[in-house]
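Reviewing the structure listed below.
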Amino acid sequence: MPELIVVENLRKYFPVAAGNVHAVDDVSFTIDEGETLGLVGESGCGKSTTGRLLIRLIEPTSGRILYRGRDMASMDKQELHGLRKEMQIIFQDPFSSIDPRKSIGETIGKPLEIFGMGRKEREETVDALMEKVGLSPRLYYKYPHELDGGRRQRVGIARALSLSPSFIVCDEPVSALDVSIQSQILNLLQELQETMKLTYLFVSHDLSVVKHISDRIAVMYLGKIVESAPSLDLFRNTLHPYSQALLAAVPIPKLNRKRERFILSGGVPSPINPPTGCRFHTRCPWTMDICSQQEPPLTDRGGGHSVACHKVP
Ligand SMILES: Nc1ncnc2c1ncn2[C@@H]1O[C@H](COP(=O)(O)OP(=O)(O)O)[C@@H](O)[C@H]1O
Ligand code: SF4
Ligand SMILES: [Mg+2]
């Protein structure tokens with residue numbers, strides 16, 4: 001499949017009183033049409049900022065994002081307006097950005113209203129959307145607070161789908177849900193991807209969540225991608241110590257117990273003054289002299305499996 005999104009040397013620095021927050025710091029990757037790229041890492045590593053950059057909710061400090069081969073920075077008003085239909089985002093809490101006094105039906109139909117669809121057609125479209133995401137038509141006139149978490153997320157998904165997008169950033173969409181509900185929502189997202197030919201960037205702090213839904217996974221640490229690989233590869237042959245540490249938190253099948261693993265200690269260092277060289281050196285059990293002096297480049301070790309570590313051969 002052709003590339004839908006190409007990201008080149010993307011950076012986002014947030015100026016704050018103490019300096020610049022290096023939220024995303026020279027990140028490059030691609031997402032093919034119809035593919036799901038999982039983006040994982042601890043909280044504060046720059047995942048949401050990356051997602052927001054891709055759909056132009058915020059502007060990059062530097063670097064390029066190409067959408068269908070077109071540089072987003074050079075798009076005119078009309079093209080950007082069109083992009084607003086093509087790109088959507090699903091949040092952990094779908095109602096953080098939604099008016100609680102609007103009914104479910106109105107909420108889902110809001111983007112259609114903004115884009116000028118008349119009332120009658122809008123209601124029909126919303127009915128169809130609700131069916132698509134498994135919401136009973138009875139819920140049309142209910143209010144957000146009357147729904148449980150899983151149904152609320154279905155409303156968030158229906159709303160994101162309303163303008164028939166091509167690309168959706170799923171930002172921790174199941175992180176607030178019970179495990180049993182999580183898999184229902186993940187299955188729904190996967191089904192919708194197939195029927196609607198969607199492309200996803202799927203963001204999560206939890207590797208076990210992205211495992212099944214992702215075709216490829218990129219692991220992010222302090223604004224950088226430290227490892228990326230086809231999903232199965234990343235789990236079978238985890239190369240970067242940070243990825244291994246994240247995996248240690250995931251239950252793994254018995255056969256795999258040999259994998260060298262350790263538990264992460266301490267928090268993520270400040271992204272205002274990130275560690276020199278390899279940003280992971282302050283927490284890495286393998287750290288050597290060179291690690292604090294030289295940044296390891298992200299290089300392909302074959303089969304599309306890239307890793308940034310001086311120690312990995
Ligand atoms: N608008 C902002 N102003 C200042 N700092 C920000 C802003 N948005 C995010 N950050 C900081 O950028 C870093 C990355 O944040 P984020 O992308 O939300 O990480 P993640 O989604 O991986 O938890 C964090 O240190 C966060 O505090
Ligand atoms: S480059 Fe060094 S500090 Fe960084 S992950 Fe590899 S061994 Fe650890
Ligand atoms: Mg986030």
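Each reported figure results from applying straightforward, stated rules to the coordinates on display, with no laboratory input. Computed from a predicted model, the values in this text were never measured in an experiment. When we count neighbours, we look across all protein chains shown, and the Cβ atoms used for this are built from the backbone with ideal geometry, even at glycine.
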Filtered hits (aspartates and glutamates, Cα-Cα < 16 Å from K311, offset >= 8 within chain) -> E227, E260, D289, E295, D300
Helix-only CD estimate at 222 nm, as mean residue ellipticity for the chain, using -39500 (n - 2.57) per DSSP H run (n ≥ 4): -9500 deg cm²/dmol
Here the tail fraction of P(r) beyond 39 Å, over all Cα-Cα pairs of the chain, rounds in percent to 15
With the cut-off at 1.5 for a/c, could you classify the stretch 110-174 from its C-alpha gyration tensor as rounded, prolate or oblate? oblate
Going by Cα centres, the stretch 150-170 and the stretch 11-75 are how many Å apart? 21
Restrict the search to the stretch 1-73; then list the GluC sites (Glu not before Pro) that DSSP places in a loop and that have at most 13 other Cβ atoms within 10 Å of their Cβ. none
